1. Can you check what the net charge comes to around GLN319, using other residues whose Cβ is under 14 Å from the Cβ of GLN319 (Lys, Arg +1; Asp, Glu -1)?
2. Express in nm, to one decimal, how much length is gained between ARG137 and SER210 on full extension, taking 0.36 nm for each residue of separation and deducting their alpha carbon distance.
3. What is the sum of charges, Lys and Arg at +1 and Asp and Glu at -1, for the other residues whose Cβ falls under 12 Å from the Cβ of LEU85?
4. Once Lys and Arg get +1 and Asp and Glu get -1 on their Cβ, which of PRO106, LEU268, GLY366 lies farthest toward the positive end of the dipole of the chain?
5. Give me the accessible area per residue for the stretch 321-380, probe 1.4 Å, as a whole number in Å².
6. Express the carbon and sulfur contribution to the solvent-accessible surface of the stretch 57-168 as a percent, rounded to the nearest whole number, probe 1.4 angstrom.
7. Taking the Cα atoms of the stretch 106-247, report the difference between the largest and smallest coordinate on each principal axis, in whole Å and largest first.
8. Please compute the alpha carbon radius of gyration of the chain, then divide it by the globular-protein estimate 2.2 N^0.38 Å. Two decimals is fine.
Amino acid sequence: MRAYYRIQSGWTLGAAALIAASLTVAGCGSGGETAESESAQSSSTANPALAKSVKIVKPKSATMRETVVATGSVGSKQTSNIGPLVEGVVETIFVNVGDRVAKGDPLFQTRQSRYEREVDEAQANLTLAKANLRNARQAFDRVRKLKEEGYSSQSRLDDARTALDVAAAEAAKREAELKTARKDLEDTTVRAPYDGVITRRFNDEGVYLSNVFRGGVESSVLQIQENHIVVAVVYTPEQYLSSLKLEQKAFVYVESQPKPRESYVLVLNDMLDVGARTVELRLPIDNSDYALKSGQFARAEIFTDEKPVLSVPAKAVFQDQSGAYVLVSLDGRAEMRRVVAKERPDGTFAVLEGLDADDDVIVSNGEPVAAGDPVAPESV
């Protein structure tokens, strides 16, 4: 038993030695591979040849004029519902809807016969009053002469002067009545108050209308609008109120028109629409070609004052579901920066928020770059 044990024990020790030696060799090989891997990784991080080549630009100082958008409708400079100046039957209407008229052109006429009679009566009354005035003046002159000669009393002279004054007042009254009658006759023809376009017709010939205007169509015959100059009546949210002021330049876009119309802020209403939380603006537009029609939809872009911004190339700005961002180089890697940016007319982007003037902004050389990628900057 002892001999067997020795042999078995010797075998066991020899095998153990072999296994131990094998493990030692294997352990040495494994340790070498680990060191090589760590060295390779370290070399990859430190080696610029493995980083993505990018261009680096500094944000440039610039200015940007923001625009405030307002929407509404085209309206005429003036709109008037025209009714009779004197009551009576509308006898003749001289114009139709769509006609363009000049100031002073006849629009319609009320029947004149009544007013012609009133002129004749007023003229006759004035003639009679003037005759009475002449008699009163002659009587006064006679009494005054007799008084001077001592053949008439003072009371008689006073009565003659009073009669003369009454006759003169009567003549003045009748003259005023004649002027009124003539004006009424003249007013039977209603004329255009300004250059404009006939846009509506409320009543036809044969209708009796009063000259007491109640503001409704029942007392009007025609509607006239001054449209050689129109106004864009537009509204914008209250939040832009601090950026708006009179005389600001604007472009007005009108449906069916190929080009915008130049304008400016003529009226900035001091009263806001409480329900909609909007402010009203009025922008005049030259419409000498009569291409714009009252009631058309209008969209105005109002240019506010310029303010300082940072400008970067368009290729430096990216978009995702969360908005705009740029990549900046920081410690050899690309870092994402969220920004508020707007495109400028020259194709660059104005960065309103999110960047500083000394940031190194990445512009790709063609190879896609993502946040966290190692980068090799190349200044431009």
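The values are calculated or read from the model by the stated rules, or taken from the named source; none is laboratory data. Quick caveat, the model's predicted, so the values are computed rather than measured. Please note: Cβ atoms are built from the backbone with ideal geometry, for glycine as well, and neighbour counts cover all protein chains shown. Note: accessible area is taken over every heavy atom of the protein model, side chains too, but ligands, DNA and RNA are not part of it. Shrake-Rupley method; radii C 1.70, N 1.55, O 1.52, S 1.80 Å.
1. That works out to +2.
2. Values: separation 73, 0.36 × 73 = 26.28 nm, distance 4.29 nm.
Stretched fully, the ARG137-SER210 segment lengthens by 22.0 nm.
3. For residues surrounding LEU85, the net value is -2.
4. PRO106
5. 57
6. Solvent-exposed carbon and sulfur of the stretch 57-168 make up 47 percent of the total.
7. Extents along the principal axes, in whole Å: 92, 48, 25.
8. This ratio for the chain stands at 2.32.
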